[in-house]
């Protein structure tokens, strides 16, 4: 993968995570400590963040840094939804995960009937 492609894919990923988190570019830029213009150029695949900003982005989105480099196909809604759910599940407590697991099991039991 060439550098230009990586920047574009990364920018799309950051934009998707930002929108999924319900943040504006201005809000995310403030949380990460970036200039809004720099974030805009990052999302458009023109700039790439410094390592310290990668860590800040991961912290804001509550993901591992490696998760910032998981590039989904833009038209694959199911994959995007599954990944979005996985990110949400990471934020849940063990108790909350148990409740969600029971709910999903009950849902599948209903589908069998």
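The values are calculated or read from the model by the stated rules, or taken from the named source; none is laboratory data. Please read all numbers here as calculations on a predicted model, not as lab measurements. Note that we place each Cβ from the backbone using ideal geometry, even for glycine, and neighbour counts take in every protein chain shown.
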Exercise for the section: State the number of residues belonging to segment 6-23 that are touching a residue at least 40 places away in the same chain (Cβ under 8 Å), more than 11 Å from residue 49 (Cβ to Cβ) and more than 12 Å from the chain's Cα centre (by Cα). Expected result: 2
Completion exercise
In the set 100, 32, 63, the lone residue that is surrounded by 11 or more Cβ atoms within 10 Å (Cβ to Cβ) and not assigned by TED's automatic domain parsing to the domain that holds residue 1 is 100
Practice task
Return the total of residues in segment 30-46 being within 15 Å of residue 8 (Cβ to Cβ) and not in a helix (DSSP H, G or I).
Solution key: 3
Completion exercise
Within segment 10-29, restricting to residues that are more than 17 Å from residue 63 (Cα to Cα) and out of contact with any helix residue (DSSP H, G or I) (no Cβ under 6 Å at 6 or more places or on another chain), the one that is surrounded by the fewest Cβ atoms within 10 Å (Cβ to Cβ) is 24
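Working only within segment 24-57, note down all residues that are on the phi > 0 side of the Ramachandran plot and free of Cβ contacts under 8 Å to residues at least 24 places away in the same chain.
Answer for segment 24-57, where residues must be on the phi > 0 side of the Ramachandran plot and free of Cβ contacts under 8 Å to residues at least 24 places away in the same chain: just 33.
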Handout entry: Selection from segment 81-113 of residues that are out of contact with any helix residue (DSSP H, G or I) (no Cβ under 7 Å at 6 or more places or on another chain) and touching a residue at least 60 places away in the same chain (Cβ under 8 Å)
Key = 87
Problem - Residue selected from segment 74-97 under the condition loosely packed, with under 11 Cβ neighbours inside 10 Å and closer than 23 Å to residue 49 by Cβ, by the criterion modelled with the lowest pLDDT - result: 74
Completion exercise
Those residues of segment 31-74 that are in contact with a helix residue (DSSP H, G or I) (Cβ under 8 Å, 6 or more places away or on another chain) and more than 21 Å from residue 87 (Cβ to Cβ) come to a total of 11
